[in-house]
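The values are calculated or read from the model by the stated rules, or taken from the named source; none is laboratory data. Computed from a predicted model, the values in this text were never measured in an experiment. Heads up, the Cβs are rebuilt from the backbone with ideal geometry, glycines too, and the neighbour counts pull from every protein chain shown.
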Amino acid sequence: MSDQYNQLGQWDMEAEQSAEHAGTNPLLVVHRCLRGRYPLAITLGVLLAVPSAILGYFAVAPKYTSTGRVSIAPSRSFILYQNELNEPMTAFDSYVQSQANTLRGSRIMDAALQNEKLQAAGWPPPPAGMADLQDGLSVVAANRQQDIFVSVTHEEPAMAKAAVNAVLEAYEELAIQQEELDVQNTLDELKKLADEYRAESNRLRDQAFRIAETEGTDDLDRRRNAKHEQFELLDRLILDYDLQLVPYRDVPDDLNEPEDASQDPLPIEVLAQSDATLAKLVDQRRGIELELQSLRRKYTDNHRSVVRAAQELETIEQMITARAQLVQGTAPDSTGVAQVMSPAATARQIRTQLAALRELRDAAAVEAKRLGKLQLDIVKFREQAARADEQYETAQSRYDMLEVELRNGQIGRIEIQEWGITPLRASTDRRIPLAAMGAMGGGGIGIALIAAFGFVFPKYRYINDLDEATRNVFVYGAVPELDAGDPESRELVAASIHQVRSVIDAKLLGTSNEALVHAITSAGAGEGKSTISLRLAKSFAATGRHTLLIDADMIGRRLSAEFGQLKHGGFADAVTAGGGTDQTVHDTPIRDLSFMPCGRTDRVEPAEISARRVADLLAPLRQVYQAIVIDTGPVLGSLEAQAVAAVADEIMLVVTRGREVRSVKLAIDRLHHLGARRIGVVFNRATRHDVERSTSISMTSQRASEVRGNWDQADAFGNGDSNGHRTNGNKGAVARLESAAEPEH
């Protein structure tokens with residue numbers, strides 16, 4: 001049996017160690033706070049739930065929603081032209097979303113708040129009215145849909161209708177009419193652009209015409225090409241003259257030589273027959289003469305075209321003269337012999353012609369460049385004019401198309417299809433859910449208040465409450481509240497005390513050859529430690545062990561009063577006498593139980609009580625008795641309790657149901673600080689439910705029944721107990737078992 005209880009103690013220690021590592025379950029914490037207070041918590045919850053439900057029902061009024069619909073057509077039918085007024089939109093979804101954003105914008109809401117119908121309906125002015133409209137307005141534009149739904153939610157149905165229609169009217173005025181205005185502005189802008197492009201084209205063409213009129217023709221490329229040819233001819237003449245001048249490089253121009261008689265120069269036509277270049281120049285002269293004659297018929301001699309043609313003719317004449325002189329120098333005379341000039345005359349003539357030819361070549365180059373620039377200006381102006389004409393045609397074409405399509409009636413794509421109506425049913429009615437939530441909240445608050453009270457002011461009301469605060473000590477068991485008139489209650493108390501004693505035996509039996517000292521204390525007064533001490537001592541004595549019960553509670557001295565030995569020598573006398581016990585231990589009517597009263601405490605000085613003196617007192621008693629139970633004062637306020645706790649083999653802390661958690665924790669900490677070897681807890685005045693559901697109590701009750709049966713059997717056969725003591729039969733055994741449950745008088 002001892003091995004069985006050793007296993008039980010080991011299992012309890014393992015469970016205790018595993019509980020230390022387990023996390024705290026919040027549901028269990030709440031349950032501990034509410035346990036035993038559930039009726040009160042439910043009652044308070046119901047009392048708070050009813051007004052909370054009423055408040056929740058009337059907290060939010062039902063709301064009504066009025067809805068209008070705006071339709072945006074992705075395309076429209078057209079008369080003749082397909083343009084931006086009727087062609088399908090490439091980004092239709094984006095356009096619909098932009099219109100939805102416009103409906104949500106502050107501009108529309110500002111205009112809606114100015115609506116006379118809305119003001120007449122009683123809608124508040126800004127800023128409160130703006131806040132209400134922002135909260136109640138809803139604009140929904142689904143993707144890939146052409147309808148925009150505009151809704152306003154309000155507690156009054158008429159207000160909801162007036163608000164949504166005010167928003168739609170503001171949108172119609174600001175957005176739809178603005179679209180028509182935009183189309184008209186587009187027409188005006190197109191007309192303006194067409195006029196500007198037409199004026200620009202005319203200006204550019206006038207500039208090109210003035211250049212052509214100044215030059216006498218708009219085909220300046222021919223004249224420029226003629227100048228280029230003239231430049232090339234002059235360049236060849238200069239090259240020829242340079243070659244002719246090579247033999248005369250060293251001949252000075254001013255050398256005095258007799259003039260050679262020369263023949264008359266040959267006619268140009270004759271010389272041209274033998275020189276192609278001269279013939280070409282002659283042809284050019286003839287063409288310029290014809291052009292000059294034509295110009296003189298149209299203009300006066302002072303006209304720039306006539307002057308320019310005359311200058312051209314003069315230049316050609318100079319070139320013909322120079323070429324003729326060059327050809328004349330190598331041409332044969334009438335006798336067939338080449339004419340020869342003096343070297344000085346020849347050199348002078350060649351140099352003179354070279355200078356003239358170079359001047360003419362430079363002038364030809366300048367003229368060709370000027371003509372090229374003028375021609376480029378003419379081309380540029382004409383190209384710019386052509387582009388202006390194209391832009392004019394584009395603007396005019398768009399203007400014509402828009403003007404034609406405007407005859408189709410509606411200009412824009414937006415149309416209000418449905419206006420808001422007065423809603424007949426509430427769109428949002430949260431009164432029932434809010435009432436339910438209020439009831440739940442009120443009930444929860446009531447329960448939470450009770451739970452909070454239990455959490456803020458924790459007390460030990462059930463044995464399970466000991467698990468959290470006493471994880472570092474051992475729980476021996478629970479002792480129920482005794483009902484003196486109920487035999488079953490007396491038996492349950494006796495079984496509980498025997499269960500505690502059995503657990504102590506399982507944990508401590510065999511740990512020492514001497515008697516073990518069991519000190520019983522508590523955190524405060526009035527927790528039943530003296531009663532537990534007496535009952536535990538009776539339980540030890542009931543097993544046949546020679547037991548000593550010591551009353552070390554110098555303040556309460558309840559056990560001494562129970563045994564009627566308040567004036568006898570006892571614990572206080574033995575401690576002050578240095579350990580003498582001859583006159584301090586007394587017999588009791590209970591078999592195998594001796595008692596040491598508290599003694600004369602009025603002669604004891606606090607300095608005389610110490611753990612060493614207590615140890616000296618207990619040393620000889622350990623040799624005489626098999627179990628020693630000491631009832632001490634509360635450990636938090638008793639000097640003798642602290643002295644006994646330091647030398648006792650086991651400290652049993654009695655915790656009464658309803659004791660504050662903080663005081664129990666302080667008591668346990670104090671015992672640890674005093675160096676207590678083993679600390680156990682007994683839960684006193686526990687509910688019957690706690691005791692009946694305790695597995696260990698059930699096992700002990702069963703064992704108690706077995707012990708009673710063994711006593712009965714021993715009496716029937718006339719045998720003594722296991723320690724050799726005489727038995728008194730069945731009645732004596734029963735009386736000894738139930739004596740642990742007898743109340744003290």
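The table below lists the values:
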{"quantity": "Pairs, first within 18 Å of Asp93 (Cβ to Cβ) in the stretch 133-150, second in a strand (DSSP E or B) and of a type in the set (D, E, K, R), C-beta under 6 Å, six or more apart", "calculated": "Asp147/Arg69; Phe149/Arg69"}
{"quantity": "Qualifying residue in the stretch 453-461 (condition: in contact (Cβ under 8 Å) with a residue 40 or more places away in the chain and closer than 30 Å to Thr547 by Cβ)", "calculated": "yes"}
{"quantity": "Qualifying residue in the stretch 175-193 (condition: among the hydrophobic types (A, V, I, L, M, F, W, C) and either in the same structural domain as Ile316 (by TED's automatic domain parsing) or more than 60 Å from the chain's Cα centre (by Cα) (or both))", "calculated": "no"}
{"quantity": "Cβ pairs under 6 Å, 6+ apart, first in the stretch 362-388 and over 15 Å from Glu213 (Cα atoms), second in a helix (DSSP H, G or I) and of a type in the set (Phe, Trp, Tyr)", "calculated": "Ala364/Phe231; Ala365/Phe231; Ala388/Tyr197"}
{"quantity": "Cross-chain or 6+ apart pairs with Cβ under 7 Å, the stretch 293-313 first and of a type in the set (D, E, K, R), then in a helix (DSSP H, G or I) and surrounded by 14 or more Cβ atoms within 10 Å (Cβ to Cβ)", "calculated": "Arg296/Val306; Glu312/Ile288"}
{"quantity": "Within the stretch 636-675, tally of residues that are outside any helix (DSSP H, G or I) and under 56 Å from the mean Cα position of the chain (by Cα)", "calculated": "11"}
{"quantity": "Residues (touching a helix residue (DSSP H, G or I) at 6+ places or on another chain (Cβ under 6 Å) and at pLDDT 75 or above) located in the stretch 324-352", "calculated": "Ala324, Ala347, Ile350"}
{"quantity": "All helices (runs of 4 or more DSSP H) inside the stretch 53-150 with 3 or more residues being farther than 21 Å from Ala163 by Cβ and modelled with pLDDT under 90", "calculated": "92-104"}
{"quantity": "Complete set of residues in the stretch 345-396 that are surrounded by fewer than 17 Cβ atoms within 10 Å (Cβ to Cβ), over 60 Å from the mean Cα position of the chain (by Cα) and of a type in the set (S, T, N, Q)", "calculated": "Thr352"}
{"quantity": "Out of Arg224, Arg203, Arg210, sole residue that is more than 60 Å from the chain's Cα centre (by Cα) and crowded, with 17+ Cβ neighbours inside 10 Å", "calculated": "Arg224"}
{"quantity": "Scan of the stretch 612-630 for residues that are over 11 Å from Val575 (Cβ atoms) and in contact with a helix residue (DSSP H, G or I) (Cβ under 7 Å, 6 or more places away or on another chain), ordered by number", "calculated": "Ala627, Ile628, Val629, Ile630"}
{"quantity": "Residue count for the stretch 131-159, restricted to those that are of a type in the set (D, E, K, R), closer than 18 Å to Tyr64 by Cβ and surrounded by 14 or more Cβ atoms within 10 Å (Cβ to Cβ)", "calculated": "3"}
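Conditions tested, residue by residue: (1) over 30 Å from Pro124 (Cα atoms); (2) at pLDDT below 90; (3) part of a helix (DSSP H, G or I); (4) basic (Lys, Arg).
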position	(1), (2), (3), (4)
Val167	no, no, yes, no
Glu172	no, yes, yes, no
Asp188	yes, yes, yes, no
Asp195	yes, no, yes, no
Arg198	yes, no, yes, yes
Asn202	yes, no, yes, no
Ile211	yes, yes, yes, no
Asp221	yes, yes, yes, no
Arg224	yes, yes, yes, yes
